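*Asks:* Can you read through this structure? Questions will come right after.
The values are calculated or read from the model by the stated rules, or taken from the named source; none is laboratory data. It should be emphasised that the depicted structure is a prediction, and the values quoted were computed from it without experimental measurement. Don't worry about glycine lacking a Cβ; one is built from the backbone with ideal geometry, like all the others, and counts go over all protein chains shown.
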Amino acid sequence: MAGYGTNSDFTAYATAAGYVLPEDTTDAQIAAARQRGSLVIDRYEVKFSGTRTGGFGQERSWPRTGAITYYGEAIPSDVIPAAIINASYEAAFLELTNQGSLLPVITPGQSVKREQVGQLEVEYQDIASGATVYDLVRLATPVVSIIEGMLWLFLRPCLPGILAV
């Protein structure tokens, strides 16, 4: 699977942003991080307008047919917006420097409510009682404000659920 963009463009983006890649980072590690970063962006697909240009068999969420910006500007069906690629680079850098940080694994029922180490005892707030698996995933998924900021233009506007006519 290929991530958005290219290894060389990712490296140029990271350098321009002032990020320092770990020493001896290989092309294979960058490609793997780009793949994981792209998976992070693709989690937003339900909020993107339009449909995959290549149908359900298309590997990534972009390019899209019928996609528009928040302001209603049409996005050509053969274009992956630069902000989508750059957001995937942000996620890729985080994954490269802290693997798995943006793709949490949730195991409901195995969370610790109280633990004691020596004389120190901690009880955690029980936010999971009555929570669904989807709630737990939402609570455990980090929000990266720079990625959210890059993607907002491509997200559908939230409309109220009830409209009066």
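*Asks:* Does Ala16 satisfy the criteria of being under 22 Å from Val105 (Cα atoms) and aliphatic (A, V, I, L, M)?
*Replies:* Answer is no for this residue.
*Asks:* Within the range 94-101, is there a residue that is free of Cβ contacts under 8 Å to residues at least 60 places away in the same chain, in the same structural domain as Ile147 (by TED's automatic domain parsing) and over 28 Å from Leu139 (Cα atoms)?
*Replies:* no
*Asks:* Could you count how many residues in the range 20-72 are of a type in the set (Asp, Glu) and closer than 19 Å to Asn86 by Cα?
*Replies:* Count: 4.
*Asks:* So the check is Cβ under 6 Å with 6+ separation or different chains; which pairs have a first residue in the range 8-22 that's under 15 Å from Glu95 (Cβ atoms) and in contact (Cβ under 8 Å) with a residue 12 or more places away in the chain and a second one that's of a type in the set (Lys, Arg) and surrounded by 12 or more Cβ atoms within 10 Å (Cβ to Cβ)?
*Replies:* If the second residue must be of a type in the set (Lys, Arg) and surrounded by 12 or more Cβ atoms within 10 Å (Cβ to Cβ), the pairs left are Phe10/Arg34.
*Asks:* On to the next question. In the range 1-41, what count of residues is obtained for those that are surrounded by 12 or more Cβ atoms within 10 Å (Cβ to Cβ) and of a type outside the set (Phe, Trp, Tyr)?
*Replies:* Here is the first cut: in the range 1-41, the ones surrounded by 12 or more Cβ atoms within 10 Å (Cβ to Cβ) are 3-7, 9-14, 17, 19, 21, 25, 29-41.
Those left that are additionally of a type outside the set (Phe, Trp, Tyr): 3, 5-7, 9, 11-12, 14, 17, 21, 25, 29-41.
Selection size over the range 1-41: 24.
*Asks:* So, one more: Quick one: which of Ile68, Ile41, Ile30, Ile75 is aliphatic (A, V, I, L, M) and under 23 Å from Ser145 (Cβ atoms)?
*Replies:* Exactly one residue qualifies, and that residue is Ile41.
*Asks:* Return the only residue of Ser61, Ser8, Ser111, Ser77 being closer than 22 Å to Thr141 by Cβ and modelled with pLDDT of 95 or more.
*Replies:* It is Ser61.
*Asks:* I'd like the full set of residues that are in a loop (DSSP other than H, G, I, E, B) and either surrounded by 13 or more Cβ atoms within 10 Å (Cβ to Cβ) or touching a Ser or Thr at 6+ places or on another chain (Cβ under 6 Å) (or both), limited to the range 42-58. Explain how you work it out, then say what you get.
*Replies:* Step one: filter the range 42-58 for residues in a loop (DSSP other than H, G, I, E, B), giving 43-44, 49-50, 53-58.
Arg43, Tyr44, Ser49, Gly50, Thr53, Gly54, Gln58 - these are the residues of the range 42-58 that are in a loop (DSSP other than H, G, I, E, B) and either surrounded by 13 or more Cβ atoms within 10 Å (Cβ to Cβ) or touching a Ser or Thr at 6+ places or on another chain (Cβ under 6 Å) (or both).
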